[in-house]
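Just below is one structure, and these are the notes that go with it.
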């Protein structure tokens, strides 16, 4: 019994901790149709909670997020498109509110930098591989270029 | 030579990029507002002091004003309260309050205790108007010009330093422009 009690307490604590997010979460909101419900669910996962910043509106327990969810629900019920709802929030909070920023002039570097880095990496990798291949083939000229300080390296 | 120098050079470039990132990165809690330079959202809300009256910013057209978003639950707003009173005393610009997600009785008690810097207070218990202004915390303060354009947004409690550094120059420039 004395061994079981702490275990039981631990289990309870764990259960409480695991359940905590759901306790805060958001009373389940029911949209009139499954299609609207699906759009609502998708939208609240795509917007950032501006107060906690690293959570979506769907996961955030703060009351500002609740206000924003209510705004989304009202707009959906009023017949607004997803695009209109996105536009509404971006106009007021900026692109920061979107978890996936759009490809516009201001965010181009964000999307293009990985491609540029990948290109640089590929080119340098090819360059190195070709040089090594040349060295292995026993091309003396390349070997000198490769190591100007120490001179030609001995093979094997 | 190049063989030894290249990694060092690459390292130096990375250090520069990281140093730039660390120092130039905008503070994450200060999200710039896309509403700067745009018309202020117009609102007509119940007055905090008198539920039968409304407060509308359309009536403020032609005047400079500050819109200060606050609530009695907001600790930083309490820090800001003395400075707001001082600003109200200077008479440079009227301060309009937006009492955000608050209870009327708590707000009235708060103002009775600490003094009321606001010329008018709009009451937004549901927080819907605040979304139109892109509010994501309190206090936040907007400067609106006579054309009804938001010229500046200050996030966090206004300090005496912020008042002289960020607010006064903008308001003074305005006064000389409108005076000439």
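Looking at the range B:136-145, can you tell me whether even one residue there is over 28 Å from residue A:72 (Cβ atoms) and crowded, with 22+ Cβ neighbours inside 10 Å?
First, the residues of the range B:136-145 that are over 28 Å from residue A:72 (Cβ atoms): B:143, B:145.
In the following step, the residues that additionally are crowded, with 22+ Cβ neighbours inside 10 Å were identified as B:143.
Checking the range B:136-145: at least one residue is over 28 Å from residue A:72 (Cβ atoms) and crowded, with 22+ Cβ neighbours inside 10 Å.
Checking the structure you have, find out if any residue of the range B:52-60 is buried (at least 16 other Cβ atoms within 10 Å of the Cβ), touching a residue at least 40 places away in the same chain (Cβ under 8 Å) and farther than 15 Å from residue B:118 by Cβ.
Here is the first cut: in the range B:52-60, the residues buried (at least 16 other Cβ atoms within 10 Å of the Cβ) are B:55, B:57, B:60.
With the extra rule that they be touching a residue at least 40 places away in the same chain (Cβ under 8 Å), the set shrinks to B:55, B:57, B:60.
Remaining after also requiring farther than 15 Å from residue B:118 by Cβ: none.
No, that holds for no residue.
Restricting the range B:15-39 to residues that are within 12 Å of chain A (Cβ to nearest Cβ) and not in a loop (DSSP other than H, G, I, E, B), which is farthest from residue B:138 (Cα to Cα)?
Of the range B:15-39, the ones within 12 Å of chain A (Cβ to nearest Cβ) are B:17, B:26-36, B:38-39.
If we keep only those that are not in a loop (DSSP other than H, G, I, E, B) as well, we get B:17, B:39.
On the way: B:17: 34, B:39: 21 Å.
Top of the filtered list is B:17.
Give the range B:86-116 a look and list any residue that's surrounded by 15 or more Cβ atoms within 10 Å (Cβ to Cβ) and under 17 Å from residue B:164 (Cβ atoms), or say none.
Passing the criteria: B:87, B:88, B:92, B:93, B:95.
Residues in the range B:108-125: is at least one within 14 Å of another protein chain (Cβ to nearest Cβ) and under 23 Å from residue B:30 (Cβ atoms)? Write out each step before concluding.
Step one: list which residues in the range B:108-125 are within 14 Å of another protein chain (Cβ to nearest Cβ), which gives B:124-125.
Filter once more, so that each one left must be under 23 Å from residue B:30 (Cβ atoms): B:124.
Within the range B:108-125 (the criterion being within 14 Å of another protein chain (Cβ to nearest Cβ) and under 23 Å from residue B:30 (Cβ atoms)), the answer is yes, since at least one residue qualifies.
Of (1) surrounded by 11 or more Cβ atoms within 10 Å (Cβ to Cβ); (2) at positive phi, residue B:37 satisfies all except one. Which?
If we test residue B:37 against (1) surrounded by 11 or more Cβ atoms within 10 Å (Cβ to Cβ); (2) at positive phi, just (1) comes out false.
To keep it simple, each residue is scored yes or no on (1) within 9 Å of chain B (Cβ to nearest Cβ); (2) within 18 Å of residue A:41 (Cβ to Cβ); (3) part of a helix (DSSP H, G or I); (4) touching a residue at least 60 places away in the same chain (Cβ under 8 Å).
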| site | (1), (2), (3), (4) |
| --- | --- |
| A:61 | no, yes, no, no |
| A:64 | yes, no, yes, no |
| A:73 | no, yes, yes, no |
| A:83 | no, yes, yes, no |
| A:87 | no, no, yes, no |
| A:91 | yes, no, yes, no |
| A:96 | yes, no, yes, no |
| A:101 | no, no, no, no |
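Of all residues in the range B:111-123, count the ones that are out of contact with any strand residue (DSSP E or B) (no Cβ under 9 Å at 6 or more places or on another chain) and in contact (Cβ under 8 Å) with a residue 12 or more places away in the chain.
Initially, the range B:111-123 is screened for residues out of contact with any strand residue (DSSP E or B) (no Cβ under 9 Å at 6 or more places or on another chain), giving B:112-115.
Next, from what is left, pick out any that are in contact (Cβ under 8 Å) with a residue 12 or more places away in the chain: B:114-115.
Result for the range B:111-123: 2.
Residues that are assigned to a loop (DSSP other than H, G, I, E, B), under 17 Å from the mean Cα position of the chain (by Cα) and either modelled with pLDDT under 90 or surrounded by fewer than 10 Cβ atoms within 10 Å (Cβ to Cβ) (or both): does the range A:108-115 have at least one?
Here is the first cut: in the range A:108-115, the residues assigned to a loop (DSSP other than H, G, I, E, B) are none.
No - not one qualifying residue is present in the range A:108-115.
Being more than 22 Å from residue B:173 (Cα to Cα) and part of a strand (DSSP E or B) is the requirement here; does residue B:45 meet it? Don't jump to the end; show me each part of the working.
Numbers: more than 22 Å from residue B:173 (Cα to Cα): yes; part of a strand (DSSP E or B): yes.
Judged against the criteria, residue B:45 is a match.
The values are calculated or read from the model by the stated rules, or taken from the named source; none is laboratory data. Note that the structure is a prediction, hence the values are computed from the model and not measured. Backbone-built Cβ (ideal geometry, glycine too); neighbour counts: all protein chains shown.
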